[in-house]
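Report on the structure given below.
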Amino acid sequence: AQSVAQPEDQVNVAEGNPLTVKCTYSVSGNPYLFWYVQYPNRGLQFLLKYITGDNLVKGSYGFEAEFNKSQTSFHLKKPSALVSDSALYFCAAFTTSGTYKYIFGTGTRLKVLA
Amino acid sequence: DVKVTQSSRYLVKRTGEKVFLECVQDMDHENMFWYRQDPGLGLRLIYFSYDVKMKEKGDIPEGYSVSREKKERFSLILESASTNQTSMYLCASSLRPYEQYFGPGTRLTVT
């Protein structure tokens with residue numbers, strides 16, 4: 001079965017430190033990859049996507065993500081975390097093989113400590 | 001900016017009630033989606049629609065139905081609400097299949 005894995009339920013990082021939220025995928029073909037953020041009691045907001053091209057993708061709010069095809073990973077990064085980055089982050093893959101389908105990870109809660 | 005609105009932010013219903021969750025988008029998108037979000041399970045697709053009066057089952061359609069009479073409106077219906085349908089429900093719309101815009105969500109509690 002196709003899947004997206006976010007191995008950490010929660011990531012804690014001190015304000016000002018770099019952060020990484022991990023994502024790996026097991027999806028056939030060449031999926032499109034996404035990161036979304038969800039603040040409390042809100043819907044999902046788009047952060048960034050990888051479709052093709054440069055493996056380092058830059059997105060909103062200073063976030064970036066690195067696509068690694070050999071490791072089937074798409075980790076989210078930020079050089080310097082802010083307390084306001086604390087939220088729930090979802091990685092997702094959009095498969096273009098067969099039926100179009102979005103596959104979401106289970107989410108990682110990021111807590112940035114002041 | 002794309003705007004996707006959902007009729008209620010919070011809803012409390014009793015077991016056995018028929019529940020309607022409404023979603024409206026203002027960008028003339030053809031595709032609309034209903035997901036439910038549960039801790040530790042991420043988002044799971046309930047139903048989607050790629051045109052008026054068209055619908056397709058997602059991964060967990062049991063206990064739900066949908067209606068799309070107009071392009072901008074996609075309704076999720078719980079025919080007889082049960083406690084295991086207590087969840088956060090998210091609606092999304094898209095022009096291209098992979099560019100989904102999400103509404104704010106409806107947190108439904110069934111008692």
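The values are calculated or read from the model by the stated rules, or taken from the named source; none is laboratory data. None of the values given here were measured: they were computed from a predicted structure. Heads up, the Cβs are rebuilt from the backbone with ideal geometry, glycines too, and the neighbour counts pull from every protein chain shown. Each accessible area value is taken on the protein alone, full model and side chains, heavy atoms only, with ligands, DNA and RNA left out. Shrake-Rupley method; radii C 1.70, N 1.55, O 1.52, S 1.80 Å.
A quick yes/no check of all residues on (1) within 14 Å of another protein chain (Cβ to nearest Cβ); (2) over 13 Å from B:Leu21 (Cα atoms); (3) among the charged types (D, E, K, R); (4) in contact (Cβ under 8 Å) with a residue 60 or more places away in the chain:
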| residue | (1), (2), (3), (4) |
| --- | --- |
| B:Tyr35 | yes, no, no, no |
| B:Pro39 | yes, yes, no, no |
| B:Asn84 | no, yes, no, no |
| B:Ser87 | yes, no, no, no |
| B:Gly105 | yes, no, no, yes |
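Please report, ordered by residue number, the strands (runs of 3 or more DSSP E) entirely within the stretch B:1-86 with at least 3 residues that are under 25 Å from A:Phe90 (Cα atoms).
Working: elements: B:4-6, B:10-13, B:19-25, B:31-38, B:42-49, B:64-70, B:73-78.
Once the strands (runs of 3 or more DSSP E) in the stretch B:1-86 are filtered for at least 3 residues that are under 25 Å from A:Phe90 (Cα atoms), what remains is B:4-6, B:19-25, B:31-38, B:42-49, B:73-78.
Regarding A:Phe94, is this residue touching a Lys or Arg at 6+ places or on another chain (Cβ under 6 Å) and surrounded by fewer than 21 Cβ atoms within 10 Å (Cβ to Cβ)? Before the answer, list the steps.
On the way: touching a Lys or Arg at 6+ places or on another chain (Cβ under 6 Å): no; surrounded by fewer than 21 Cβ atoms within 10 Å (Cβ to Cβ): yes.
So A:Phe94 fails the test.
Return yes when A:Phe104 is within 13 Å of chain B (Cβ to nearest Cβ) and either under 20 Å from B:Pro97 (Cβ atoms) or out of contact with any helix residue (DSSP H, G or I) (no Cβ under 8 Å at 6 or more places or on another chain) (or both) and no when it is not.
Values: within 13 Å of chain B (Cβ to nearest Cβ): yes; either under 20 Å from B:Pro97 (Cβ atoms) or out of contact with any helix residue (DSSP H, G or I) (no Cβ under 8 Å at 6 or more places or on another chain) (or both): yes.
Criteria met by A:Phe104.
Taking into account only those residues within the stretch B:5-21 that are open to solvent by 80 Å² or more (accessible area, probe 1.4 Å) and more than 13 Å from B:Gly63 (Cα to Cα), which is farthest from the other protein chains (Cβ to nearest Cβ)? Let's see the steps before the verdict.
From the stretch B:5-21, those open to solvent by 80 Å² or more (accessible area, probe 1.4 Å) are B:9-10, B:12, B:14-15, B:18, B:20; that's our starting set.
This time we only want the ones that are more than 13 Å from B:Gly63 (Cα to Cα), so: B:9-10, B:12, B:14.
Working: B:Arg9: 7, B:Tyr10: 9, B:Val12: 15, B:Arg14: 23 Å.
Once the filter is applied, the top-ranked residue is B:Arg14.
Name every residue in the stretch A:63-101 that is in a strand (DSSP E or B), more than 14 Å from every other protein chain (Cβ to nearest Cβ) and in contact with a Gly (Cβ under 8 Å, 6 or more places away or on another chain), in order of residue number.
Within the stretch A:63-101, A:Ala65, A:Lys78 qualify.
Could you look through the stretch A:28-62, keep only residues that are assigned to a loop (DSSP other than H, G, I, E, B) and under 13 Å from A:Phe90 (Cβ atoms), and pick out the one that is nearest to the other protein chains (Cβ to nearest Cβ)?
This residue is A:Gly43.
Suppose we filter the stretch A:53-91 for residues that are under 15 Å from A:Gly29 (Cα atoms), small (Gly, Ala, Ser) and in contact with a strand residue (DSSP E or B) (Cβ under 9 Å, 6 or more places away or on another chain); how many remain?
Number satisfying all stated conditions: 1.
Does B:Pro39 meet the test of being over 24 Å from A:Ile51 (Cβ atoms) and in contact with a Gly (Cβ under 9 Å, 6 or more places away or on another chain)? Walk me through how you get there before you give the answer.
Details: over 24 Å from A:Ile51 (Cβ atoms): yes; in contact with a Gly (Cβ under 9 Å, 6 or more places away or on another chain): yes.
So B:Pro39 passes the test.
Residue check: is B:Thr109 modelled with pLDDT of 95 or more, surrounded by fewer than 16 Cβ atoms within 10 Å (Cβ to Cβ) and within 14 Å of another protein chain (Cβ to nearest Cβ)?
On the way: modelled with pLDDT of 95 or more: yes; surrounded by fewer than 16 Cβ atoms within 10 Å (Cβ to Cβ): yes; within 14 Å of another protein chain (Cβ to nearest Cβ): yes.
So B:Thr109 passes the test.
Can you pull out every residue in the stretch B:1-60 that is among the charged types (D, E, K, R), within 19 Å of A:Phe46 (Cβ to Cβ) and modelled with pLDDT under 90?
Hits for the stretch B:1-60 are B:Asp1, B:Lys3.
Within the stretch A:9-16, is even one residue within 12 Å of another protein chain (Cβ to nearest Cβ), closer than 23 Å to A:Ala81 by Cβ and open to solvent by 20 Å² or more (accessible area, probe 1.4 Å)? Step through it out loud before you land on a result.
Applying the first criterion (within 12 Å of another protein chain (Cβ to nearest Cβ)) to the stretch A:9-16 yields A:9-10.
Subset that is closer than 23 Å to A:Ala81 by Cβ: A:9-10.
Still in the running and open to solvent by 20 Å² or more (accessible area, probe 1.4 Å): A:9-10.
There is at least one residue in the stretch A:9-16 that is within 12 Å of another protein chain (Cβ to nearest Cβ), closer than 23 Å to A:Ala81 by Cβ and open to solvent by 20 Å² or more (accessible area, probe 1.4 Å).
Would you pick out the residues in the stretch A:17-27 that are more than 13 Å from chain B (Cβ to nearest Cβ), out of contact with any Pro (no Cβ under 6 Å at 6 or more places or on another chain) and within 14 Å of A:Thr108 (Cα to Cα)?
If the condition is that a residue be more than 13 Å from chain B (Cβ to nearest Cβ), out of contact with any Pro (no Cβ under 6 Å at 6 or more places or on another chain) and within 14 Å of A:Thr108 (Cα to Cα), then A:Leu19, A:Thr20, A:Val21, A:Thr24 are the ones that fit.
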